[in-house]
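Heads up, the thing below is written out as structure tokens.
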Amino acid sequence: MYRTQRVPLVKATLAGAPLCQLILPGCTGLADTVHEVKPRGRGGSITNPANVLPACASCNDGASNEHITESQDRRLLLHSWDDESGRRAAPDGGAES
């Protein structure tokens with residue numbers, strides 16, 4: 001799956017949007033990787049184009065390390081209980097704003 005789905009997704013994402021979209025402190029501006037908005041460990045897909053954003057390595061690392069709160073506030077990093085639109089799932093299965 002990684003070679004057949006993930007690698008082409010990364011290449012296509014970077015070819016279509018060569019600038020970092022996270023723009024966190026330390027941003028280099030040039031996207032050289034992709035950032036998973038909902039990481040695999042939180043239930044995200046590594047092969048879903050809607051789950052990745054072009055990012056520079058500095059921002060990609062910072063989003064889940066030094067700048068976690070900002071990343072969550074800006075919906076650049078979702079939890080397992082957030083739906084793909086970034087809305088928090090309500091206890092009844094619906095979505096809250």
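The values are calculated or read from the model by the stated rules, or taken from the named source; none is laboratory data. This one's a predicted model, so the numbers in the text were calculated from it and none came from an experiment. Here the Cβ is made from the backbone with ideal geometry for all residues, glycine too, and neighbour counts use every protein chain on show. In case anyone asks, the SASA skips ligands and DNA or RNA and just uses the protein heavy atoms, side chains included. Shrake-Rupley method; radii C 1.70, N 1.55, O 1.52, S 1.80 Å.
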Neighbours of CYS59 by Cβ distance under 12 Å: Lys/Arg at +1, Asp/Glu at -1, summed charge -3
Karplus couplings for region 6-14 from phi (6.51 cos²θ - 1.76 cosθ + 1.60, θ = phi - 60°), rounded to Hz, Gly and Pro as x? 5, 4, x, 5, 4, 4, 5, 4, 5
With the 1.4 Å probe rolled over protein heavy atoms, the chain has an accessible area per residue in Å² of 59
Would you grab the residues whose amide H sits under 5 Å from the one on HIS35? Only those 5+ places off in sequence or on another chain, please, with H modelled 1.01 Å from N. LEU53, ALA55
Give me a comma-separated list of calculated 3J(HN,Hα) values for region 24-38, in order, Karplus coefficients 6.51, -1.76, 1.60 applied at θ = phi - 60°, integers in Hz, x for any Gly or Pro. 9, x, x, 4, 8, x, 9, 6, 10, 7, 10, 9, 8, 4, 10
Evaluate the Debye formula for the chain with equal point scatterers sitting on the alpha carbons, no solvent, and hand back log10 of I(q)/I(0) at q = 0.16, 0.18, 0.22 Å⁻¹, in q order, two decimals. -0.66, -0.81, -1.11
Measure off, as a whole percent, the carbon and sulfur share of the 1.4 Å-probe accessible area of the chain, all protein chains present. 54
